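The structure under discussion appears below in the form of structure tokens.
The values are calculated or read from the model by the stated rules, or taken from the named source; none is laboratory data. Because the structure is predicted, anything quoted here is derived from the model rather than measured. We place every Cβ from the backbone using ideal geometry, glycine too, and count neighbours over all the protein chains shown.
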Amino acid sequence: MARKVTLSQWIREALTDSEKDAPISMMSLIHMVGTAEREIHSVKFGNKQWTDTELGQMFQHKAESYCQEIPGVQQFCLLAFYGNDPEPQARHPFLINGETDFGGMATEGPTPNGMWAQGLRHLEVSTQLMLRQVGTLFETSNRTIELLGKQNYELMKENRDAINVVKEMLMDRANNAHQHTMQELEYQRSTEERKRWLSFAPPLINTILGKELFPQSTADTALIEAIADAISEEDIAKLAGVLKPELWGPLASRFGDVLQKKRLSAGSTHIMRGNPEDDAAGD
């Protein structure tokens, strides 16, 4: 569809039309009544300098004022005259909406032609009212759809931000728990290593100094515990087949005491680190 040309735009083209043989001399506004033309207003160019905007507003006002009491859509035409030519060399038809409210009074006569004219006028008014209602409904629907779309976008953004916050909190919590577990394992490993090295201290010091600084029983116990920690129960069973019974008897008793202490210590540690849900269920 071609772009609609306003009165001011058409007047600007008519004033600057270089294809005409003479400069513009006059413009006339006429009302089209069927095939008849009725002159409404004319402007002769000469002393006063007009702009296209001033002329467009003036002719628009003249046309609207003329048909304000005439029902229906009225057709007007703007004519441009050049030089001394009595015939217009440019025309621009346009429409103006007249009276749209039907007050019940009509000037049509009680004849078939009057009935036809009145019916057409009623149809025109009804059509205009219907188109206004449809336009209002479309405009309201567009505003409602736009508002709902904006609200949905804001809700989706809020939900996405909330999910990101929860994910960050869960990741921080998992990282903290992992770091705490690693610190516990590191502390446990260092404690066991320190305990093992300290167990070697009594017999090592007695050997280095060449005298019994620590009681021999303490040194023997530390040595037995260090050996029991370093070897497995299968290795201890192998020693039973290698050593003589008179040597294996006392040594087995000492190994048994150390292994029993280890089992008791491991069981208490398992109970301390148990799952609270299992404790609550009686497991």
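For this structure, a couple of remarks:
- Residue check for S42: modelled with pLDDT of 90 or more, surrounded by fewer than 14 Cβ atoms within 10 Å (Cβ to Cβ) and small (G, A, S): yes
- Test: V125 is more than 30 Å from I70 (Cβ to Cβ) and β-branched (V, I, T): no
- Filter result for L120 (within 58 Å of the chain's Cα centre (by Cα), at pLDDT 85 or above, part of a helix (DSSP H, G or I) and surrounded by 10 or more Cβ atoms within 10 Å (Cβ to Cβ)): no
- Cβ separations smaller than 9 Å between residues 6+ apart or across chains give no pair from the stretch 112-125 residues that are on the phi > 0 side of the Ramachandran plot to residues that are basic (K, R) and assigned to a helix (DSSP H, G or I).
- When the stretch 79-98 is filtered for residues that are in contact (Cβ under 8 Å) with a residue 40 or more places away in the chain and either part of a loop (DSSP other than H, G, I, E, B) or more than 53 Å from the chain's Cα centre (by Cα) (or both), the ones remaining, listed by number, are L79, A80, F81, Y82, G83, N84, D85, P88, Q89, A90.
- Which listed residue is under 30 Å from H122 (Cα atoms) and not β-branched (V, I, T), from R91, R12, R38: R38
- Matching residues in the stretch 46-94 - criterion: being acidic (D, E) and either in contact with a helix residue (DSSP H, G or I) (Cβ under 8 Å, 6 or more places away or on another chain) or within 11 Å of S28 (Cα to Cα) (or both): D52
- Residue count for the stretch 9-36, restricted to those that are more than 16 Å from F81 (Cα to Cα), surrounded by fewer than 17 Cβ atoms within 10 Å (Cβ to Cβ) and touching a residue at least 40 places away in the same chain (Cβ under 8 Å): 2.
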